[in-house]
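Taking it in order: structure first as structure tokens, then the write-up.
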Amino acid sequence: MARSSNRITHATLMALTLFSASPVLAQQGDTMPEAGQPTAGDQTPGGQSASGLLARQDGDAFGPVRFEAGKAPFALRNNNWVAIKGPNIRGEWPGQTGANRHGFARFDDPAYSISGFIELMRIYHDRHGAKSAVEILQRYSPSGDCSGAPSLPPNERRDGGGCVENQKNAPVTATRAARAVGLAPTDDLDLFGSNGEIKHPDRLRALIDAVVTQEVGASHCPQPPRGEGWIGCKVDDDIYARAVDLLDGNG
């Protein structure tokens, strides 16, 4: 697969590079019950079904994620399953239709959020040399912000971060992503080639699914213990394929 022709503009890319290590881009958990675009999905008697998002059921089976719009986390209600922020304070990803007050993007189609995430991973790889799950997730969810530290009691967390668990260990999301494909968190995932092509879709998808599991959260995605190699939620084949097509300008 050739490098995408549907790229963010040069100005946006420069701004993204400038802000990549700042709180503007830091991906932090957000379940604020703010009004936003309703999440696309099938209407069911128990609420909505997030089309294309599957949660682990008994054993190795997966089934559709269902939720009530008024009670669901921001990631579900706004088709931003990876909790990606805009490229900069005023920028928008392709397909982005808005943002909340914390800068987390809204999308009408979740494939756009996955596409934006893949593009961001390419930028991490090319410009910042982030290649292992640890390097990627420490940039995407800086260790101090408590993301992926479910064992820390809420009363021990504080504004600005400070989670000892994430400062001393690989982020739990990185551990999940790496173990799902038989690697260590510090191993090179080797996601992209010299021309930006995706070299290992299985590893990229494991990374996506691990982030989705973390960012959607325990209310809708089972959270495996740190040492386990399974992931609680996953993006289905159709959403992933459409996300890749969007990168190539075919969406």
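Here, each number is a calculation from the coordinates, and none is a lab measurement. Because the structure is a prediction, the values reported are computed rather than measured. Using ideal geometry, Cβ is built from the backbone for each residue, glycine included, and neighbour counts are taken over all protein chains shown.
Which trypsin sites (Lys or Arg not before Pro) in segment 169-204 sit in a loop by DSSP (not H, G, I, E or B) and have at most 14 other Cβ atoms within 10 Å of their own Cβ?
Loop-located and lightly packed - K199.
For segment 90-137, take the convex hull of the Cα atoms, compute a quarter of its surface area, and give me that in nm², please.
3.9
What distance in nm separates the simple spin-label points at D190 and D237, each placed 7 Å from Cα in the Cβ direction?
If labels sit at D190 and D237, their model points lie 2.5 nm apart.
What is the set of long-range amide H partners of A99 at a cut-off below 5 Å, with H atoms built 1.01 Å from backbone N?
Amide H neighbours of A99: R106.
May I ask you to evaluate 6.51 cos²θ - 1.76 cosθ + 1.60, the Karplus curve with θ = phi - 60°, for each residue of segment 198-203 and list the ³J(HN,Hα) values in order in whole Hz, giving x for glycine and proline?
6, 8, 10, x, 5, 6
Which of the chymotrypsin sites (Phe, Trp or Tyr not before Pro) across segment 191-251 are loop residues per DSSP, with 14 or fewer other Cβ within 10 Å?
Details: sites: F192, W230, Y240; in loops: W230.
Loop-located and lightly packed - W230.
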